[in-house]
Amino acid sequence: LPTGLEALKSALVGTEVGASRVPEVVQATNSRLAAIMPHVRGIRAVGSCALQMCYVAAGRLDAFFEIGFGGPWDCAAGWCIVTEAGGVTVDPSGAAFSIGGRRVLCAANTHIAEALAGVLSAVPCAPSEPGYTPPE
């Protein structure tokens, strides 16, 4: 796990667009992609939350995030592998990771995790996504 990278602009980030085609979820997903694009070197999507978390642990990706995956079975093994490799796993808001929250952000180090969470937390979730907070 390479941990020397500190600048988000140099990071290769993985994500998934999910299976939902509910218009507001598609809009939220597209908004997240648009928000991070100017801040990262590149974005990849390979179809598996667990696999991309392992890519972070192996140093193939610098970070990965997903909101709205199926459940703990999609991230539990990846979380363990990232942790054992010395990486960081948090909620995409930057809060503590919850195994049942259906939201994950993992990164090679705290610098990348905090920077990516800062960008992602500025984009509101759709009402049907986990982590949705109604406007006040």
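The values are calculated or read from the model by the stated rules, or taken from the named source; none is laboratory data. Every value quoted in this text rests on a predicted model; they were computed, and no experiment measured them. Ideal geometry is used to build each Cβ from the backbone, glycine not excepted, and the neighbour counts take in all protein chains shown. To get the accessible areas, we keep the full protein, side chains included, count just its heavy atoms, and leave off ligands, DNA and RNA. Shrake-Rupley method; radii C 1.70, N 1.55, O 1.52, S 1.80 Å.
Here residue 121 clears all of (1) over 17 Å from residue 9 (Cβ atoms); (2) under 12 Å from the mean Cα position of the chain (by Cα); (3) open to solvent by less than 50 Å² (accessible area, probe 1.4 Å) except the condition numbered (3). Only residues that are part of a strand (DSSP E or B) and not basic (Lys, Arg) were counted in segment 28-44, giving 2.
Look through segment 58-67, keep the residues that are out of contact with any Cys (no Cβ under 8 Å at 6 or more places or on another chain) and aliphatic (A, V, I, L, M), and return whichever of them is surrounded by the most Cβ atoms within 10 Å (Cβ to Cβ). Checked segment 58-67; the qualifying residue surrounded by the most Cβ atoms within 10 Å (Cβ to Cβ) is 61. For segment 28-47, a residue qualifies if it is within 12 Å of the chain's Cα centre (by Cα), open to solvent by 40 Å² or more (accessible area, probe 1.4 Å) and closer than 22 Å to residue 131 by Cα, and exactly one does: 45.
Filtered by the rule that a residue be of a type in the set (A, V, I, L, M), outside any loop (DSSP other than H, G, I, E, B) and either out of contact with any Ser or Thr (no Cβ under 9 Å at 6 or more places or on another chain) or open to solvent by 30 Å² or more (accessible area, probe 1.4 Å) (or both), segment 1-27 gives 8, 12, 13, 26. The conditions of being open to solvent by 50 Å² or more (accessible area, probe 1.4 Å) and within 22 Å of residue 51 (Cα to Cα) are met by residue 84.
Given 94, 71, which one is over 13 Å from the mean Cα position of the chain (by Cα), open to solvent by less than 50 Å² (accessible area, probe 1.4 Å) and not hydrophobic (A, V, I, L, M, F, W, C)?
71
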